Amino acid sequence: MKYPNTLDLNTYRAYMCARHLNRDKTRQLDAINLDWDLNVPEPLKVLCLKAIADNWMTVPYFRELPLCEDRQYLLDLLDLNFPLETLCARVRSDAFWKRAFHHRWRTFVPIEVGSKPWIRIYLEQHLAELVEHLKPNEYDQESVKRIVDLCSPFVRELRLERLQPSLSDNSDHVPLDAVLANLRRLQRISVTYDVKDVGHNFFLGCATITEMDVKLMTQGLERCGELTEFRLHSSKLEPTMMKRISAALGKGCPQLRTIAFPHCRCGDIGLRAFCDSIKPHSFPNIREVVLTNNFLSPESVQELTWRLRHRRIEKLDLRLNPILTEGAMFIITSVFYMPLQELNLSCCSIDEQIEEYLLMLIRFNDTIKRLDISSNRLSPAMGERLLQRVYENKTLQQLDLRNTDISYDVRAIIDEVILENRDPHSLHTW
């Protein structure tokens, strides 16, 4: 039983009338029964808060409550099925939105939560789920725009891991122009024009990105002025698509820092089309370029390094591209013109002829912290000479030499030497 501490004991005795007390033995206090207070009436404040929660659609009181403990108690009572518009307008509590998120997505674990407010995490997942399950033949621009306007003040990141294709012959997906154009504070976007399940309407080519998809997407990207990261995954891109994307990003996204086209199979022609649209003033803040598995040759890598030479690139990922030793030579030579900190040349068909350039890179470069040349055919003798150069490098903090014909013992010694270059307080990040 909760005795109200705000009520004076003398006042209680003055107004209590002993003649009106019920003398029924069954209503007397039983000290042995631990649940004796279940039938005690709840405090008036609790009853009022429950009444507010039950009628919250009519009287959405929250900020009017003076005490924080009362607001928290009300949030615990609120129904999670209230309209999203009302909840977004009245409630900002992290505890409430975290409870709402885990109630709706019980098996989903959000990534990179950090210090993000839970209302932002909830609305980002809500918008992504809406777009991913929206079918092109059911697309209504006005209703989609209304939902996007509701989420726009909070959404900073949009991850679309699949998009529903059209059932017609053109295979166009849900248009993204209205979504992207109205997310004025969008900073990071990751899109995959693919399907995750096969239903009765599946057909070959349903996961193929079309010219209309790219056209509508770039129209929205041109209005994302705060965009800092753009990733397009596992979508076969033609040269005309690459050219259109390059023009849109260079025109409407001056703060862009990351461009990623992993597993897009654009080829040399596609990369050349992307580079042709780059002007001297385009992408002034670019720091990261990811071109994993795009069928690039040494010639296209040479043009890429020429385009990036005068930009402050910090990360370059070219793994799973057959650039050969010739292309790796172009990359290593251009490293001295860029403040590159991370370079990935894994599975690039590099052989032992790269030894001279690799030794020069490890000895004289003082910016690279992570270097990955795994799964390339290097010679066992190269490991001994690499070990000698690693002793002279005080910047390199990670060197991946797995599956390179270099013995395990030599790689273990190299890892021990490099370990001394790391900051002891940051070892958990590796």
Normalising by the residue count of the chain, find the relative contact order in percent from Cα pairs under 8 Å and 6+ residues apart. 7
In nm, the gap between the two label points placed 7 Å beyond Cα toward Cβ at Thr367 and Tyr337 is 1.2
Between 0 and 90°, nearest 10: helix 211-221 axis offset from the chain longest Cα axis: 60
Angstrom value of the Kirkwood radius, inverse mean 1/r, which spans all Cα pairs in the stretch 100-295: 17.3
At a 1.4 Å probe radius, carbon and sulfur cover how many percent of the accessible area of the chain? 51
Determine the calculated [θ] at 222 nm for the chain from helices alone, applying -39500 (n - 2.57) to every DSSP H run no shorter than 4 residues and normalising by the residue count; nearest 500 deg cm²/dmol. -11500 deg cm²/dmol
Rounded to 5, percent antiparallel among DSSP beta bridges of the stretch 100-295: 5
Output the 0 to 90 degree angle, nearest 10, between the alpha-carbon long axis of helix 324-335 and the longest principal axis computed from the alpha carbons of the chain. 70
Measuring from a point 7 Å past the Cα of Lys279 along Cα-to-C-beta, which residues in the stretch 301-319 have an amide N at less than 17 Å? none
Give me the angle, in degrees from 0 to 90, between the Cα long axis of helix 380-390 and the longest principal axis of the Cα atoms of the chain, rounded to the nearest 10. 70
Taking the Cα centre of the stretch 258-371 as origin, sum charge times position over the Cβ atoms of Lys and Arg (+1) and Asp and Glu (-1), and report the length of that vector in debye to the nearest 20. 560
How far apart, in nm, are the 7 Å Cα→Cβ label points at Lys251 and Leu44? 6.7
Does a label point 7 Å from the Cα of Arg63, set along Cα-to-beta-carbon, have any residues of the stretch 139-161 with amide nitrogen under 17 Å, and which are they? 153-154
Between the DSSP loop rule and a limit of at most 13 other Cβ atoms within 10 Å, which chymotrypsin sites (Phe, Trp or Tyr not before Pro) in the stretch 45-112 are left? Phe108
Taking the Cα-to-Cβ direction at Lys145 and at Tyr408 and moving 7 Å from each Cα, how far apart do the two end points lie in nm? 6.3
Expected output is a single nm value to one decimal: the length gained when fully extending between Arg120 and Leu80, i.e. 0.36 nm times separation in residues minus the C-alpha distance. What is it? 12.8 nm
Could you give the length gained on full extension between Glu352 and His263, defined as 0.36 nm per residue of separation minus the Cα-Cα distance, in nm? 29.4 nm
Across all Cα atoms of the chain, Rg and the largest Cα-Cα distance (Dmax), in Å, are 30.7, 105
For each pair in Lys215/Lys279; Lys145/Lys279; Lys236/Lys315; Lys145/Lys236; Lys279/Lys394; Lys98/Lys251, compute the distance between the two Cα atoms and list the pairs where it is over 30 Å. Lys145/Lys279; Lys279/Lys394; Lys98/Lys251
Please report the antiparallel percentage of the DSSP beta bridges confined to the chain, to the nearest 5. 5
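The values are calculated or read from the model by the stated rules, or taken from the named source; none is laboratory data. Note that this is a predicted model, so its numbers are computed, not measured. Quick reminder, even Gly has a Cβ in these numbers, built from the backbone with ideal geometry, and neighbours come from all protein chains shown. These area figures cover heavy atoms from the full protein model, side chains too; ligands, DNA and RNA do not enter into them. Shrake-Rupley method; radii C 1.70, N 1.55, O 1.52, S 1.80 Å.
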